[in-house]
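The values are calculated or read from the model by the stated rules, or taken from the named source; none is laboratory data. Bear in mind that the values here come from a model prediction, so they are computed numbers and not experimental data. We place every Cβ from the backbone using ideal geometry, glycine too, and count neighbours over all the protein chains shown.
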Amino acid sequence: MSATVLPGHPQVARSAGTLHVEGCSLAALAREHGTPLFVYSRQWMLDALAAYQRGFAGRDAMVCYAMKANSSLGVLRVFAEAGCGFDIVSGGELARALAVGAEPSRIIFSGVGKSRAEMRQALAAGIGCFNVESEAEIDVLNEVALAEGRRAPISIRINPNVDPKTHPYISTGLKGNKFGVAHDRAVATYRHAAGLPGLEVVGIDCHIGSQITEAAPYLDALERVLDLVEAIEAAGIPLRHLDFGGGLGIDYSSPNDRQSPPAADALWRQLLARIDARGFGDRKLVIEPGRSLVGNAGVCVTEVLYTKPGEDKNFCIVDAAMNDLPRPAMYQAFHAIVPVAGEGEPAPVVYDVVGPVCESGDWIGRDRALAVQPGDLLAVLSAGAYCMSMASNYNTRGRAAEVLVSGEQARLIRQRESVEDQLRSERA
């Protein structure tokens, strides 16, 4: 039976009038598991990873999945089995990575606020590297490592003051951001760290933001980091690896702001050419992609509860909400929204698609032309990243179920959260 692939979403296709992820009907999955429901394509994740692997073919490189994008165990296992390392930002994420069999030496610990307990946990696990982000953190990690009788492997995250041209909330490489050590303090900070007995300096790190859709910011940051590598090594401090973070964006298919980020392999061909030209092609490379590996792999299926006409706005009220899909409320972000069963009766009406949460900020999409009625299903696309990982229990709403699809097989990887689950750890 022929199928029509949705533009920009090769694993989502309309077949026999209904949407499928790989070989599985979203309508059938919704009947089985209820809504809201997150559905992920395993093949899309592997295809996205393959683009990075092609870009690094023949290189000493480690791809560490930035699991803050989506830390569900079923998703993590896909990447662990594909040979990925992991980029973590908390002790909880470390526990999740280890739970799916991640090799500790392939785990990188990033983040500006690591606690002493998290440092001890990571040292005990034997992680590959701490990406430290301040001079104060360097001193605390040295103290903790000495108390544990260990040396902590570190790279220092440099803030290169490069504009990634993305939303200010997900920009991390400018002077006004909380992340990293200032570019002009880098050499002095490396000298200080290299003199501490509890630390082993192994690399340099840079990450300038998320949802980056142009190559230019990466190239600018790369040149500034390589300048620092030369200066740091001239000071007698060798660096074994170069960590360039992640941040590559995806196409959310917004009709008003079409973003076409470079393919991962094409981007890295440009970056590697610069690295080779500067004489650093023999160094180990580390990168930490997140959104670009999972963002377009995910769909959120939601049921239309009511349609509500108004003088200024028409509302399509669905059972998914800002606690399930927080990006629109947080970033005014766009997600394409399409009917699961295709266009039909009644005639399309322009709606704001909103959820049941008691906030005016609880919206999923503005001004969408949809032919829907109560009981219909909608698919919110590009929902694989920063949705379930940022989900909450606001209004005592349970977090949604999650399903991982591989071909015609679908596996429940998270049960729908019940009220009993939420109340279990509380005391009146």
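Look at the stretch 111-133 and say how many of its residues are touching a residue at least 40 places away in the same chain (Cβ under 8 Å) and within 16 Å of Glu200 (Cα to Cα).
As a first pass, look at the stretch 111-133 and keep what is touching a residue at least 40 places away in the same chain (Cβ under 8 Å): 112, 128-129, 131-133.
Narrowing further to those that are within 16 Å of Glu200 (Cα to Cα): 128-129, 131-133.
Going through the stretch 111-133 one residue at a time, the tally reaches 5.
Looking at Ala97, is it assigned to a helix (DSSP H, G or I), over 20 Å from the mean Cα position of the chain (by Cα) and buried (at least 19 other Cβ atoms within 10 Å of the Cβ)?
Working: assigned to a helix (DSSP H, G or I): yes; over 20 Å from the mean Cα position of the chain (by Cα): no; buried (at least 19 other Cβ atoms within 10 Å of the Cβ): yes.
Here the answer is no, as Ala97 does not meet what is asked.
If a residue must be of a type in the set (Val, Ile, Thr) and buried (at least 23 other Cβ atoms within 10 Å of the Cβ), how many such residues does the stretch 371-428 contain? Before you say what the answer is, go through the steps one by one.
First pass over the stretch 371-428, keeping only residues of a type in the set (Val, Ile, Thr): 372, 380, 396, 403, 405, 413, 419.
With the extra rule that they be buried (at least 23 other Cβ atoms within 10 Å of the Cβ), the set shrinks to 372, 380, 403, 405.
Residues that pass the stated criteria total 4.
Among the residues of the stretch 349-387, count how many are under 20 Å from Ser253 (Cα atoms) and without any contact (Cβ under 8 Å) to a residue 40 or more places away in the chain.
Looking only at that region, the number is 9.
Any residue in the stretch 359-380 that is modelled with pLDDT of 95 or more, outside any helix (DSSP H, G or I) and out of contact with any strand residue (DSSP E or B) (no Cβ under 7 Å at 6 or more places or on another chain)?
no
Only one of these is surrounded by fewer than 22 Cβ atoms within 10 Å (Cβ to Cβ) and farther than 30 Å from Thr189 by Cβ: Asp227, Asp220, Asp265. Name it. Outline the logic, then answer.
Details: Asp227 fails: farther than 30 Å from Thr189 by Cβ; Asp220 fails: farther than 30 Å from Thr189 by Cβ.
The conditions single out Asp265.
Residues in the stretch 234-251: is at least one in the same structural domain as Ala152 (by TED's automatic domain parsing), surrounded by fewer than 16 Cβ atoms within 10 Å (Cβ to Cβ) and within 30 Å of Ile337 (Cα to Cα)? Explain how you work it out, then say what you get.
Keep residues of the stretch 234-251 that are in the same structural domain as Ala152 (by TED's automatic domain parsing), which gives 234-251.
Checking which are surrounded by fewer than 16 Cβ atoms within 10 Å (Cβ to Cβ) leaves us with 234-236, 238, 240.
Adding the requirement that they be within 30 Å of Ile337 (Cα to Cα) leaves none.
No, the stretch 234-251 has no match at all.
Would you confirm whether any residue within the stretch 282-289 is surrounded by fewer than 18 Cβ atoms within 10 Å (Cβ to Cβ) and out of contact with any strand residue (DSSP E or B) (no Cβ under 6 Å at 6 or more places or on another chain)?
Applying the first criterion (surrounded by fewer than 18 Cβ atoms within 10 Å (Cβ to Cβ)) to the stretch 282-289 yields 282, 284.
If we keep only those that are out of contact with any strand residue (DSSP E or B) (no Cβ under 6 Å at 6 or more places or on another chain) as well, we get 282.
Scanning the stretch 282-289 turns up at least one residue that is surrounded by fewer than 18 Cβ atoms within 10 Å (Cβ to Cβ) and out of contact with any strand residue (DSSP E or B) (no Cβ under 6 Å at 6 or more places or on another chain).
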